[in-house]
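Remarks on the structure that follows.
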Amino acid sequence: MNITEIIIVSLIKIVFVLGITLLTVAYLVYFERKIAAWAQNRIGPNRVGWQGILQPFADVFKLLLKEDIVPEKANRIVHAIAPMIALFVAFTTYAVIPIGPNVNIFGYDISLVVADVNMGVLYVLALTSLGVYAITFAGWSSGSKYSLLGGIRSSAQMISYEISMGFSIGGVLLLAESLRPIDIVNSQAGLWNAIIQPIGFITFVVSAFAETNRLPFDLPEAEPELVGGFHTEYSSMKFAGFFLAEYANMIIASAMIVTLYLGGWHLPFEQSLGLSGSWLTVFQITSFFVKMGAMLFFFIWVRWSIPRFRYDQLMNLGWKVMFPLSLINIIWVAVIIMITN
Amino acid sequence: MAQTSDSLKKRKKDLTFWQKIYIPEIAKGLALTFKNMIRPKFTMEYPEEKFIPPPSYRGRPVLVLEETGEERCVACGLCSRVCPALAIEVQAAETEREKERYPQKFEINMLRCIFCGLCEEVCPEEAIVMSKDYELAFTNREDAIYGKDKLLTPVSQLKDRIEFLRKYK
Amino acid sequence: MPKIIIDGNEIEFKQGQTIIEAAKDHGIEIPHFCWHPKLSVSGNCRMCLVEVEKMPKLVIACATVASEGMVVHTQSPKTIAARNAVMEFLLINHPLDCPICDEAGECKLQDYAYQHSIGESRFVEEKVHKDKRVKIGPRVMFDAERCISCSRCIRFCDEIAKDSELTFTRRGDRVTITTFPGEELDNPYSMNVVDICPVGALTNADFRFKARVWDMSHTNSICIGCSRGCNIEIWVRNNEILRLTPRHNEDVNSYWMCDHGRLNTFKFVNSETRVNSPHIRKEGQLIRVSWDEAFAEAASRLRTFGKDQIAVIGSAYATCEDNYLVSKFAKNILGTGNLDFIRHIDYSFADDILRKEDLTPNSLGAELMGVKPLKNGLNVEEIIKSIKEGKIKALYLIEDDILTADPEIETYLAKLELLIVHAANFNQSTNFADIVFPAATYAEKNGTFINFQGRLQRIRPAVATIEVDRALEGMALSRLDKFGTKFDRWAQGKHFDARATWKILTSLSNAFGSRWKYKMAEDVFDEMVSSIPELKGLNYDIIGDLGVQLKLEKVNVV
């Protein structure tokens, strides 16, 4: 492939991934509301379109039409930049998530990832760490005590859980001996990391919840105490920015969990199905999305089941439980490698 | 009640090992919510499907109109007096009927009404009762003031409630 | 002083007092229906039965004269049982009419049914039916079923009104009250029977079904019907006076007031003829104008006249405060000595009970405040004569109608170059006025009246004018006033744009360039106290609800 072709292919991939992501985000909001309703014996949105299928568009339309209010005491520039950072971080992360094995289209061998970077995992960690700026900026620039408290909580929470997150990944990297997401997926072709290192899996999932600010760790928002936390003073499309970013982050977190621990597109029995090459690829891509969908459902399901942690409980959990556990996990993986070698 | 206060008193030290681990408890919680997801739904899809309340329901208060076309109300003003929200205004006047007093004006401000039913409870003539009507929407304050024209309801439509009152009041 | 023991309390009594009187003097209430402090004892309701030690049976407290060493029990089991029984008997034939009865809320039977009855009746038979809605007199309605035959109304007519019109007829449970053949309950005091009736048998035909007593506010005031100055309460709902009732004042009117005062002294307050905001005559028509415009116009036009061309007529209907400033205004601002007020004397009105021939409440007050001709000044008759002669060219008339003094003056009023009138209602004089200032009525202002005895008594605002907020002014509030908002329909009652005469004169004087600083009627009164020796040492608090007797040299103005 020459450079033009690479650019064209990459552009196509970017458009494809962005489109899918935006649509998924929109429908994730829809399903969040539906699942919430079901968990509470309600029906959920069912007025806009068949079974409320057009609800997300109505929501977006409503947000677009709303007045954009900026508090008098806000720092206008930072206030406007914050949601952009959030969205930027959320969407650029998709670049390194592989959704299937390489495919052969029109004679080109194309990897199903926008950028096949050899240190992709590090890239993800780096970018998600940037996400804390969005929230901190939003909290600080709003000029409101609720926002500020939300921002402070958020930065403390995200920094704390990043540590256990990073260490949990350590075990995965030890096994894959690579930072490249595709290598990590392929290393799980036989046995998923989730089974080899369950402690790492649990700490990663918990940290992922904390990193995405989802319940039970949504302290930056915490409606009962902080009104809306860092986004109290946001309205219209700026608010929508944060809203989208949260759901986009959920998708990334799900994708990362699937990639790192649930074998990516691999299923343990896939070879025994006897599918031919291209059908196998389709099957594998589908399995990746099904796994991701299951993880997303799990995210939402947890939200409507478990109450919010108290702030001190959150910090205790992060530093006194998750951090040691992730260290134990690294030792455990190291011991396994020692024994099997 | 005793049970609740006991469980409220539960401290961290009282928890078992598995409860402290928390993961089984989370699983239990998730199982519970999942069970609810597949249970039948309670939602009534309002404009198409309407809730018909039982006789014990307290909808908007109405005045009972006898089959003879006369109101039962004698404008004693007790409903107005007892109304905690000052929603009811009554102006009495004299009439040639056997009960010499009748409400020349009887107005309920539905913006003030809190549907407590005290007017119904205090009424010595069983003349004001709570109906099943809960569909109240206005576009301005004036419309929210219901006069005799809107309040008078034939006794035949209120049989349920009147029976309920005779039984339980 | 001799002593008796009531419920373990040793109390002193005056020789000859009955038990109920002795108890009342010491704040012990013995329930009663037929007994009234100002009526003879009839002893027929049996409600005041009390146990007296060493007496074989219970005795009625109203007819038993107290004697030294008597031991009375008003709360013993025997007394309470007797009261229950009496209440049960009284309620046997009393209809359950409370919802449609006007007395509800101030009904003795209702109150006692709560306080002294067990609340259950063993009577299952049909109640006795009697006449309802009987027009027993032109101003009183009678409901025979509700009557408990206490005979207070009969005794009132016999003893107080001195006009025996009522009597009992028939016997037993069929007993009823009726007028003597060919008679009506139409004595000038007939409506007092409504007040003393312990139930709703006798009701006020004028007030009937107008309002519940608990929905009204009541303000202590003084009747303006005549110079007796009966103490009254003004009952107001939705800023409208609905009735007047007498207020007990032993030195003035006892418990009573006459029907004229009760019915004819409040309806003008909310009438269609009220002057609402100042008016100036332009091209023959009285046109509503702003206060400032009216003050400027009045001041500039008054300035054009010489001292001898102006006359000021004060008012015996206005308060002392008003008249004090009228006098001050005439002397200091206009500099005229032609100052007097119109007497309204009707000897046919007077009787030897309460009514006085002077039909104004404040003649003595007006005179004491200096509303009388100065040296070389003209009195009313002379003012009228001078108007006819054309010598007086400008007349300032306060709260009165000059045509009542001399109907013939009508043709000459038009010839006046300037006629300024303070009036609550449009009258014959305002027909000729060039400037009309809307005067607040007695029910809308603070002030004082001096009655024919020389007794200084206070009036208080019961009705709010446009510039007044009931709550902020400390006016009496009904339940609705207190808890409602100004948006509620019951708060939409008329508020007139009127001011007390003293207030109008204060602003007008300031338009003349003087600096009067009266902010409230009390400020005027305080100045009166310092300048009028008869008022020395007084203030509104001292006058209180019952008034104070002044030491005046001349008591009879007639």
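Across the stretch B:48-125, the volume of the C-alpha convex hull divided among the residues equals 124 Å³ per residue.
Summary value for the stretch C:3-92: 33 percent relative contact order, contacts being C-alpha pairs under 8 angstrom separated by 6+ residues.
Taking amide hydrogens as placed 1.01 Å from N in the peptide plane, the amide H of residue A:43 sits under 5 Å from those of B:43, each at least 5 positions away in sequence or on another chain.
Relative contact order, percent, of chain C when contacts are C-alpha pairs under 8 Å separated by at least 6 residues? Can you show the working numbers first?
Values: 1135 pairs, mean separation 63.5, N = 558.
Averaging sequence separation for qualifying contacts and normalising by length gives 11 percent for chain C.
Beyond 23 Å in Cα-Cα separation lie the following of the pairs C:356/C:385; C:162/C:356; A:320/B:35; A:34/A:145; B:159/C:127: C:356/C:385; A:320/B:35; A:34/A:145; B:159/C:127. Overall, the anisotropy analysis places the stretch C:3-92 in the oblate class: the square-rooted eigenvalues a ≥ b ≥ c of its C-alpha gyration tensor yield a/c not less than 1.5, with a/b not exceeding b/c. Buried surface between chains B and C: roughly 2100 Å² of accessible area, summed over both sides, computed with a 1.4 Å probe on protein heavy atoms only.
How large is log10 I(q)/I(0) at q = 0.12, 0.14, 0.15 Å⁻¹ when the Debye formula is applied to the Cα atoms of the stretch C:19-173, each weighted equally and without solvent? Rounded to two decimals, the profile gives -0.59, -0.80, -0.91. For the stretch A:302-327, heavy-atom accessible area (probe 1.4 Å) falls by no less than 20 Å² from the chain alone to the full protein assembly at A:305, A:306, A:309.
Surface composition of the protein assembly as shown: carbon plus sulfur atoms hold 58% of the accessible area, using a 1.4 angstrom probe and ignoring ligands, DNA and RNA.
Where in chain A is the longest stretch that carries no trypsin sites (Lys or Arg not before Pro) classed as loop by DSSP and with at most 11 other Cβ atoms within 10 Å? Could you put the intermediate results ahead of the total?
Details: sites that count: A:47, A:73, A:310.
Counting at most 11 other Cβ atoms within 10 Å as exposed, the longest clean stretch of chain A is A:74-309.
Among the chymotrypsin sites (Phe, Trp or Tyr not before Pro) within the stretch A:73-138, those in coil by DSSP and having at most 15 neighbouring Cβ atoms inside 10 Å are A:106.
Evaluated at 37 °C with a viscosity of 0.692 mPa s, what Stokes-Einstein diffusion coefficient in µm²/s does chain A have when Rh comes from the Kirkwood expression over alpha-carbon pairs? Diffusion coefficient, whole number: 156 µm²/s. So which GluC sites (Glu not before Pro) in the stretch B:132-169 pass both tests, a DSSP loop state and at most 12 other Cβ atoms within 10 Å of the Cβ? Listed in order of number, the matching sites are B:135. Could you please state, rounded to a whole Å, how far the C-alpha centre of the stretch A:53-126 is from the C-alpha centre of the stretch A:148-213? Going from one Cα centre to the other spans 20 Å. Result for chain A in a Gaussian network model with C-alpha springs under 10 Å: among A:85, A:105, A:135, the largest mean-square fluctuation is at A:105. For chain A, a Gaussian network of Cα nodes joined below 10 Å ranks A:229, A:264, A:44 by mean-square fluctuation, and the top entry is A:44. Sparsely packed loop sites in the stretch C:309-413 (the chymotrypsin sites (Phe, Trp or Tyr not before Pro) outside DSSP H, G, I, E and B with at most 11 other Cβ atoms within 10 Å) comprise C:347. A Gaussian network model of chain A, with springs between Cα atoms under 10 Å, assigns the largest mean-square fluctuation among A:315, A:295, A:158 to A:315.
Panel note: the C-alpha atoms of the protein assembly as shown, placed on their principal axes, show extents of 132, 87, 61 Å (largest first).
Near residue C:455, the amide H atoms lying under 5 Å from its own belong to C:550; only residues 5 or more places off or on other chains count, and H is placed 1.01 Å from N. With 22 Å as the limit on Cα-Cα distance, the pairs of B:105/C:486; B:99/B:132; C:267/C:486; C:108/C:445 that go past it are B:99/B:132; C:267/C:486; C:108/C:445. The alpha carbon centroids of the stretch C:498-526 and the stretch C:273-298 are separated by 19 Å. Looking at chain B, the pairs of alpha carbons with a distance over 20 Å make up 65% of the total. In the stretch B:61-95, burial by the other protein chains removes 30 Å² or more of accessible area from B:76, B:81, B:86, B:89, B:91, B:94, compared with the chain on its own (1.4 Å probe, ligands and nucleic acids ignored). Dividing the summed -39500 (n - 2.57) terms of all DSSP H runs of n ≥ 4 by the residue count of chain C sets its mean residue ellipticity at 222 nm at -6000 deg cm²/dmol. Chains B and A together bury some 1500 Å² of accessible area, summed over both sides, with a 1.4 Å probe. Spatially close Lys pairs in the stretch C:3-92, defined by Cα atoms under 17 Å apart and a spacing of eight or more places or different chains, total 8. Taking amide H as placed 1.01 Å from N in the peptide plane, residue B:92 has its amide H under 5 Å from the amide H of B:104, each at least 5 places away in sequence or on another chain. In the stretch C:132-214, one over the average inverse separation of all distinct C-alpha pairs is 12.8 Å, which is the Kirkwood hydrodynamic radius. Considering Cα pairs under 8 angstrom that are at least six residues apart, work out the relative contact order of chain A and quote it in whole percent. It rounds to 23 percent for chain A. Residues of the stretch A:3-43 buried by at least 30 Å² of accessible area upon assembly of all protein chains, compared with the chain on its own (1.4 Å probe): A:38, A:39, A:41, A:43. Accessible area per residue for the stretch C:154-212 is 39 Å², calculated with a 1.4 Å probe on protein heavy atoms, without ligands, DNA or RNA.
The values are calculated or read from the model by the stated rules, or taken from the named source; none is laboratory data. Keep in mind the model is a prediction, meaning the values are calculated, not measured. Here Cβ is always computed from backbone atoms with ideal geometry, including for glycine, and neighbour counts include all displayed protein chains. These area figures cover heavy atoms from the full protein model, side chains too; ligands, DNA and RNA do not enter into them. Shrake-Rupley method; radii C 1.70, N 1.55, O 1.52, S 1.80 Å.
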